1. Roughly how many debye, to the nearest 20, is the charge dipole of the range 15-157 about its Cα centre, given +1 on each Lys and Arg Cβ, -1 on each Asp and Glu Cβ, and no other charges?
2. From the helices alone, meaning DSSP H stretches of at least four residues, give me the mean residue ellipticity at 222 nm for the chain, per-run term -39500 (n - 2.57), in deg cm²/dmol to the nearest 500.
3. First check a/c for the range 321-457, with a ≥ b ≥ c the square roots of the eigenvalues of its C-alpha gyration tensor; if it is under 1.5, answer rounded, and if not, answer prolate when a/b is larger than b/c or oblate otherwise.
4. Set Lys and Arg Cβ to +1 and Asp and Glu Cβ to -1, take the dipole of the range 353-471 about its Cα centre, and tell me which of F468, M428, V410 lies farthest positive.
5. Rank-order 178-186, 36-44, 426-434 by packing density, defined as the average count of other C-beta atoms within 10 Å over each peptide's residues, highest first.
6. H399: net charge of surrounding residues, Cβ under 10 Å, Lys/Arg +1, Asp/Glu -1, itself excluded?
7. If we count every other residue with Cβ under 10 angstrom of G72's Cβ, Lys/Arg +1 and Asp/Glu -1, where does the sum land?
8. Expressed as a rounded percentage, what relative contact order does the chain have, with Cα pairs under 8 Å and six or more residues apart?
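Read-outs throughout are calculated quantities, based only on the coordinates presented, and are distinct from any laboratory measurement. Since the structure is predicted, the reported quantities are computational estimates derived from the model, not experimental observations. Here the Cβ is made from the backbone with ideal geometry for all residues, glycine too, and neighbour counts use every protein chain on show.
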Amino acid sequence: ALALVLVFAGAVTWLWTTADVHTAGRVDFDEKLAVPPLAESRVDDRGRRVFDLSMRTGSKEFRPGRSTPTWGFNGDHLGPTLRAKRGERVLVNVRNELPEASTVHWHGMRLPARMDGGPHQMVPPRGRWSPAWEVDQPAATLWYHPHPHGATAKHVRRGLAGMFILDDERSADLKLPDDYGVDDIPVIVQDVRFDGDRFDDGQPLMSNSGSLGDRTMVNGTLAPYHEVRDEAVRLRLVNASSARVYSFGFADGRDFSLVGTDGGLLERPVGLSRLEMSPGERAEIVLRMRPGGRTVLRSFPHDGGDAWQDRFNGNDDSFDVLQLRAAGTLRDSPALPGELVRPGLPDGGDAVRTRDFGLRTSGINGREMAMDRIDFAVTRGTTEIWKVTNEDGVPHNFHVHDVRFRVLSVDGREPPPELRGPKDTVHMPGGRSVRLAVAFDGPADPDTPYMYHCHLLRHEDRGMMGQFVVVEKGGRPGTVDAPDPHG
Ligand code: C2O
Ligand code: CU
């Protein structure tokens, strides 16, 4: 009965809003793609790689002659790409030069909860915060962004987001394209809408998912092209949008090879023609170009059973995202290896328990996020099965801090290839139910929680989030305070 009601509501709203759905999206690619610089670093006397990141206000001309107020890390908009190797110890000196408190969260990083940069690690205006940890996880494309409770959407949309690339020995041997900015390209995708000279944060009528833009930008470039000089090119895709789900493919219908997902490389490359990515998810893809060839990375209207929900939520547009232009002669690139890595994901065979998570826009398991409530504790060194269900038919996704999980099943079936690799965020369209194997092999801290939440930023801000702590065997959760929201 619920399904019927949802379908009916969807159909009515679809008719109502179709007039408003713009399939614009065709773009003249006349701007060279900006590539975020690699962050400078130094090694301190304790052997740690040290980065400096300051959050500041700025402005940027996205469109000629019109400057838009922005926020950025070490610059006007977005941030530099941090890069470190497995086994390295890193220290990041964060400074907050914004007029309000914020945090910096390392999305996808396994690290002590106090270093996580979630809503409990607020940095007040003019404050500093210097998290340090050892990188102890496989090569992956991670990202960083603020996580102040209730204001994440605002801070990310103004431009606070950057990439964090991890390397390891295996990834260095694989001969994947790895010349940063040349054949290994960061592709941070965000949708945006301008209201005069400002970013528009307004909500389209009837959208349940949060604010959606009417065009996309990559690395802050609105109509980007990238000149390719090598036969093979790797794109490191990050969906850093507030709410938009993309269905990526190429305008000429070509296949591409998926080599990595959120938490690192796959066992072997998988050929795909479409790749769905919800906010927070990452993917590494490799495609081959012919001399002089051009192609366009496009987000297509969603198809399949969830399409009506996308229309319902105004989330069904097509966007031309990035044009790739190959030079007249290209440098040879080696063929992709048949085998990549052993991802080392938990299979759930030794799970100590199962937990259920019911997702609704109003909260998870019927509860809104509370900063001073620990929702549950897990034991360090154990694996659990988490069964996550979308219960209200509104688009959601599900992200867990500190872990790389395996998707065991989607609606009771084998996951598709793009969900078989290491994940930390999974798309949860209406009615979907997934089972995840989640291993807690990072450090314990009974007093400092990690978050799990919907990564549609408005949902997260409004309380679709919960907190768990990792404790030693037999340990009990401590207590957390609600920190001063102003830091
Ligand atoms: Cu990318 Cu808890 O976030
Ligand atoms: Cu949600």
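1. On the way: 21 positive and 16 negative charges, 60 e Å.
That gives a dipole near 280 debye.
2. Details: 5 runs with 38 residues, N = 487.
Calculated at 222 nm, the ellipticity per residue is -2000 deg cm²/dmol.
3. Working: a/c = 1.98, a/b = 1.59, b/c = 1.25.
Prolate shape, in that a/c is at least 1.5 and a/b is the bigger ratio.
4. Towards the positive end, the residue furthest out is V410.
5. On the way: 178-186: 18.3, 36-44: 14.9, 426-434: 21.9.
Final packing ranking: 426-434, 178-186, 36-44.
6. Details: positive: K423; negative: D262, E281, D424, E460.
Net of charged neighbours comes to -3.
7. Working: positive: R56, K60, R158; negative: D76.
Around G72, the surrounding residues sum to +2.
8. Working: 1343 pairs, mean separation 76.9, N = 487.
Relative contact order here is 16 percent.
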